[in-house]
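The values are calculated or read from the model by the stated rules, or taken from the named source; none is laboratory data. Keep in mind it's a predicted model, so treat the numbers as computed, not measured. FYI the Cβ positions are ideal-geometry reconstructions off the backbone, even for glycines, and counts take in every protein chain you see.
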Amino acid sequence: MRPALIVARRELAAYFATPVATVFIVIFLVLAGALTFTLGNFFGRGQADLIPFFSFVPWLFLFLVPALTMRLWAEERRLGTIELLLTLPLPQWQAVLGKFLAAWAFCGIALALTFPLWITVNILGSPDNGVILSGYVGCLLVAGAYLALGAAVSALTRNQVIAFVLAVALCFIFAAAGSPVVTEFLDTRLPVLAEIARSLSVAERFGGFTRGIIAVRDLIYFASFIGFFLFVNAVVLDHRKAD
């Protein structure tokens, strides 16, 4: 794991060496706060919890995470530095894991900076902090799922715009698969597909965490989702290297 951690440190430092980190974090915090206090009706609900915040996080990540992942491999391929990276004395899967861990840590930092919301809700009432912590764990897992998917898409192309659009589209499919509109439509036509859509939905799995329920099946889902797309990422890179 040491080579993967070295790559992760290098990538994480690269985020903060450019305006990317500041722009991403500022946009995330501004949008999260604005949506929580306006559309989420944070004060008007009269309840001491962070449900208004958690309800918007998967949809914020839907656009912000692909913006983060679109450069992971597409930029390396465009600049021609991917050959240098893949010829370093480290297994390819560790390079993939290192880049993923750096992006995941970055998302974790962005989430951690929303702590004023947690402090605010504790000042205004007596929330169940265990449920809030569970919600944050769910947010981090959603970010990891989107990051793994976005990284795999980024490895497919050297064009960052294409990588961004494809990642957003795929993330949207997995986020919206369990929405009432989709499941009700499928229930009336193909009930089997409706059940499959629910089981594959990232938002559906995330819902349990916001209620304070950390179910083993949900942890297995996110671990499998992340592992599968990291595997796809490695396979795509291996194919490109062979070319």
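Overview of values
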read-out: Within the stretch 1-110, helices (runs of 4 or more DSSP H) holding 3 or more residues that are modelled with pLDDT of 85 or more and under 28 Å from G125 (Cβ atoms); value: 19-37, 51-54, 57-69
read-out: Those helices (runs of 4 or more DSSP H) lying entirely in the stretch 127-234 with at least 2 residues under 19 Å from A105 (Cα atoms) and among the aromatic types (F, W, Y); value: 129-154
read-out: Every residue from the stretch 15-46 that is over 17 Å from the mean Cα position of the chain (by Cα) and surrounded by 14 or more Cβ atoms within 10 Å (Cβ to Cβ); value: G33, L35, T36, F37, G40, F42
read-out: Every residue from the stretch 87-131 that is among the hydrophobic types (A, V, I, L, M, F, W, C), exposed (fewer than 15 other Cβ atoms within 10 Å of the Cβ), over 22 Å from L147 (Cα atoms) and touching a helix residue (DSSP H, G or I) at 6+ places or on another chain (Cβ under 8 Å); value: L88
read-out: In the stretch 156-194, residue surrounded by the fewest Cβ atoms within 10 Å (Cβ to Cβ) [restricted to those that are among the aromatic types (F, W, Y) and at pLDDT 80 or above]; value: F172
read-out: Selected residue (criterion: farthest from A13 (Cα to Cα)) from residues of the stretch 111-126 that are among the aliphatic types (A, V, I, L, M) and part of a helix (DSSP H, G or I); value: L124
read-out: Test set (1) within 15 Å of W59 (Cα to Cα); (2) buried (at least 20 other Cβ atoms within 10 Å of the Cβ) - V153 fails condition number; value: (1)
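Yes/no matrix, rows are residues, columns are (1) among the β-branched types (V, I, T); (2) in contact with a Gly (Cβ under 9 Å, 6 or more places away or on another chain); (3) touching a residue at least 24 places away in the same chain (Cβ under 8 Å); (4) farther than 26 Å from V216 by Cα:
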| residue | (1), (2), (3), (4) |
| --- | --- |
| P127 | no, no, yes, no |
| G135 | no, yes, yes, no |
| A148 | no, yes, yes, no |
| A167 | no, yes, yes, yes |
| G178 | no, yes, yes, no |
| E184 | no, no, no, yes |
| E195 | no, no, no, no |
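Listed here are the residues, each with its yes/no results for (1) under 30 Å from W93 (Cβ atoms); (2) under 19 Å from the mean Cα position of the chain (by Cα).
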site	(1), (2)
D128	no, no
R158	yes, no
A203	yes, yes
V216	yes, no
